[in-house]
Structures are given as C-alpha cells and as structure tokens.
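Encoded as structure tokens, the structure appears first; notes follow it.
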Amino acid sequence: MPALDESFEEFMKRRESVSLDYINGNPATLIDLSTSHDPATFFPPSGDRISGAMNVNAANEKGASSFKEGSSGHLEVIQSAESGDLSFWTGLQHAKVRMKGKEGEVPMSLRVTEVFRRENGEWKLVHRHADMADTSSK
C-alpha cells in the first residue's frame, strides 16, 4: 500500500515492482497504480492510441493476460523529474518474458515514457508510451 505523499523516488522503486507483476501476468497492481479519472492515455507497442481511464485499464488487463509467471525484467531510467503534482520518467524497460502459448523466454526491450499525476496524495499513471527499442547496435 503506498504512503500518501510518497516521494517520486520512492514511488519509482514501487513502479519497478509493479512492472514485474505485469510481465508475470498480474495486472492488479498496475491498475491500482493507474488513474481511474480522465484524462488518461496509452500508446502501446502495437501502435494503437487508447484514451480514457476505463479503456486504458481494460487494455492493461488484456495485455497482462499474454504473459505467464517466470518473466523477469528491470527499468533503466534515463531521466525522471517531478514538479508539483506532475512527474515523469523516460528510459528503457528490459525483460525476458514468458508468453502464453510459447516455450522459453522472449527478450523484450521497450522505450518508455510515463507521466504521473498526484491524486489524493498518491502518484497515478496518466500516460504511457511504449515501443520496441532497436537493440541491434548494442
């Protein structure tokens, strides 16, 4: 359970844990971390554009259902900041995911930007943009 008025730095540690839940097929902590109030947006790796808190949360629930337990990953934060009731981070999300219907791990690296708004003393995800990172030059 998040502490009211938790610092953004503290929140980001929790955000990484929520990411691990998601890639292990559990969307509950991400939905809890996400706003339930509009405006909210999600630009997933598929190229879709999803608007509205209910639609974003439904997309996250559906997306998590593609993963199964045994996935691992971490966030590589390139920059982050907070100002008043808004904050963001941008960087890479690296993972080795286990997908339903597939054997073994699938490597995945996403470029990510997330924006948060403080609602009733808690940071809430209001925008996520994620697309596949080009890892061919690494």
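The values are calculated or read from the model by the stated rules, or taken from the named source; none is laboratory data. It should be emphasised that the depicted structure is a prediction, and the values quoted were computed from it without experimental measurement. Ligands, DNA and RNA are stripped out before the accessible areas are found, and what is left, the full protein with its side chains, is counted by its heavy atoms. Shrake-Rupley method; radii C 1.70, N 1.55, O 1.52, S 1.80 Å.
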For this session: Multiply the residue gap between Glu69 and Ser46 by 0.36 nm, knock off their C-alpha separation, and tell me the result in nm, one decimal place.
Result: 6.0 nm
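Where the accessible area of segment 45-123 is counted over protein heavy atoms with a 1.4 Å probe, how much of it, in %, is carbon and sulfur?
C and S fraction of accessible area: 49 percent.
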Exercise. In degrees from 0 to 90, rounded to the nearest 10, what is the angle of the helix 8-23 Cα long axis to the longest principal axis of the chain?
Worked result: 30
Seminar exercise, completed: The alpha-carbon center of segment 31-67 and that of segment 75-138 are separated, in whole Å, by 13
Problem set entry | Between 0 and 90°, nearest 10: helix 53-64 axis offset from the chain longest Cα axis | 30
For this session: Any chance you could run the full-extension gain for Lys100 through Arg14? It's 0.36 nm times the residue separation minus the Cα-Cα distance, nm to one decimal.
Result: 28.4 nm
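In what sequence, largest accessible area first, do Arg49, Arg117, Arg15 appear using a 1.4 Å probe? Before the final figure, lay out the partial values.
On the way: Arg49 190, Arg117 55, Arg15 10 Å².
Per-residue accessible area, sorted high to low, gives Arg49, Arg117, Arg15.
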Problem set entry | Two-decimal log10 I(q)/I(0) for segment 80-128, as the Debye equation yields it once each C-alpha is a single scatterer, q = 0.19, 0.23, 0.26, 0.29 Å⁻¹ | -0.69, -0.80, -0.89, -1.00
Seminar exercise, completed: With every protein chain in place, the accessible area of Asp48 for a 1.4 Å probe, in Å² rounded to the nearest 10, comes to 90
Problem set entry | Compactness of the chain - radius of gyration and Dmax, Cα, Å | 14.5, 45
Exercise. Probe 1.4 Å, all protein chains in place: accessible area of His94 in Å², nearest 10?
Worked result: 40
For this session: Just need the relative contact order of the chain here, percent rounded to a whole number, with Cα pairs under 8 Å and 6+ apart.
Result: 25
